[in-house]
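K.L.:
For reference, the structure I am asking about is given below.
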Amino acid sequence: MSRLPNVTPRQMINALHRAGFQNERQIGSHFYLFHLTKNLRTGVPMHSGDLDRSLMKKIIKQANLTEVEFRQLL
């Protein structure tokens with residue numbers, strides 16, 4: 001399996017929207033998203049630059065997605 005691509009916080013949020021997540025709230029520079037049918041929550045920091053791969057993996061895991069599914073959502 002190849003490495004995850006570099007993504008910005010906005011690209012991560014757009015991919016999560018395609019996966020069925022909706023914006024729940026924003027606290028400071030962090031967006032929190034919620035999936036209604038799966039009852040899942042995850043947060044994405046809206047900082048400049050790309051997200052670290054370790055943080056991306058944690059967000060993907062919280063969203064109950066595989067890396068392959070995430071790549072298809074990009």
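Each row is one residue, and each column tells you yes or no for (1) among the small types (Gly, Ala, Ser); (2) exposed (fewer than 13 other Cβ atoms within 10 Å of the Cβ); (3) over 19 Å from PRO5 (Cβ atoms).
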site	(1), (2), (3)
GLN26	no, yes, yes
HIS35	no, no, yes
LYS38	no, yes, yes
VAL44	no, no, no
ASP52	no, yes, no
MET56	no, no, no
ILE59	no, no, no
GLU67	no, no, no
ARG71	no, no, no
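K.L.:
Need a quick list: strands (runs of 3 or more DSSP E) entirely within the chain having at least 3 residues that are modelled with pLDDT under 95 and either of a type in the set (S, T, N, Q) or more than 12 Å from the chain's Cα centre (by Cα) (or both).
P.N.:
On the way: elements: 22-27, 30-35, 40-45.
Filter on the chain gives 22-27.
The values are calculated or read from the model by the stated rules, or taken from the named source; none is laboratory data. The shown structure was predicted, so the numbers you read here are calculated from the model rather than taken from an experiment. We place every Cβ from the backbone using ideal geometry, glycine too, and count neighbours over all the protein chains shown.
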